[in-house]
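A single structure is presented below for examination.
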Amino acid sequence: MKKVLSIALVSAMALTGVLASTNTAQAAVTNGNKVTVEKGDSYKSIAEANGISISALEQANGREVGGFDLIFPGETITLPGATTTTANTNTTTDTSADTQAAATTDTTAASTDTTTDTTQTQQTTDTTSQATTQSASTTGTSQGTFKISFYDPAVLGSNMGYSGVAANLSVFPKGTQLKITLSDGTVLYRTVNDTGTFANSNSQQLDVAMPSSSIPSYGVTTASVEVLS
């Protein structure tokens, strides 16, 4: 009789263990993008059951990626793709939308930077090209070789712009159009509109107006000069 009772007791304990194990292994209940936690669930089991990574699930619920995720039966877990607001964060958990927004932001920022650089470059180019061209097709009457220096009218407080050149007015009267070919081959077209301290005292020198950012690093050079009109 004792042996029969022992066998019955063991069988009952085994059955209880199976029932307990079955209860523990109950899967989370999924409702759309929400999961209701059942006993025995974990972030790992929920992620595997829904074919997503644990880190994506953690991010979708405002958890620290790779941290310790403690959840309780009855708690609602949001799957990636849903939008949720928690007490600790107002982060939108739609990772696809976040990725697209980030990509759009990066593209916009890159476009803005490019536009800014292009605008700045264009401003300098436009300013310089008002009186500068690389065309060698225009020829005039050669006046020989002159010493060339550069200055920025704006730095001196002048609003005369960059289309002019200061010269000895007894050599080149105001309004004379000059073609100036620098020693490095650069061709500048300028109109005499002023006389400076150096140019006025030296009949073989010209002071060419140019933005500070475009003035050659070598500073003073020589050039062959032609009168166009």
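So what does ILE46 come to for accessible area, using a 1.4 Å probe and Å² rounded to 10?
For ILE46, solvent-accessible area is about 10 Å².
Quick one: net charge around THR222, please, counting Lys, Arg +1 and Asp, Glu -1 for every other residue with C-beta under 13 Å from its C-beta. Mind dumping the intermediate values first?
Numbers: positive: LYS147; negative: ASP184.
Neighbourhood net charge equals 0.
Moving on. Taking θ as phi - 60°, what are the ³J(HN,Hα) couplings along the stretch 187-192 by the Karplus curve (6.51, -1.76, 1.60), each to the nearest whole Hz, with x for Gly and Pro?
10, 10, 10, 9, 10, 5
A further question follows. Using the Karplus equation 6.51 cos²θ - 1.76 cosθ + 1.60 (θ = phi - 60°), what ³J(HN,Hα) coupling, rounded to whole Hz, does each residue of the stretch 155-162 give in order, writing x for Gly and Pro?
Running phi through 6.51 cos²θ - 1.76 cosθ + 1.60 with θ = phi - 60° gives 5, 8, x, 9, 10, 6, x, 10 Hz.
Can you sort VAL208, VAL220, VAL171, VAL227 by 1.4 Å-probe accessible area, starting with the largest? All intermediate terms of the calculation are to be shown ahead of the outcome.
Details: VAL208 0, VAL220 85, VAL171 55, VAL227 30 Å².
Final ranking, largest accessible area leading: VAL220, VAL171, VAL227, VAL208.
Please list the non-local residues whose amide H lies under 5 Å from the amide H of GLY164, H modeled 1.01 Å from N, same-chain partners needing a gap of 5 or more.
THR191, ALA209
Could you tell me the accessible area of GLU48 in Å² (1.4 Å probe, neighbours in place), rounded to the nearest ten?
130 Å²
The values are calculated or read from the model by the stated rules, or taken from the named source; none is laboratory data. Just so it is clear, the structure is predicted and the values come from calculations on it, not from any experiment. Note that each Cβ is placed from the backbone with ideal geometry, even for glycine, and that neighbours are counted across all protein chains shown. Calculation scope for accessible area: heavy atoms of the full protein, side chains included, ligands and nucleic acids excluded. Shrake-Rupley method; radii C 1.70, N 1.55, O 1.52, S 1.80 Å.
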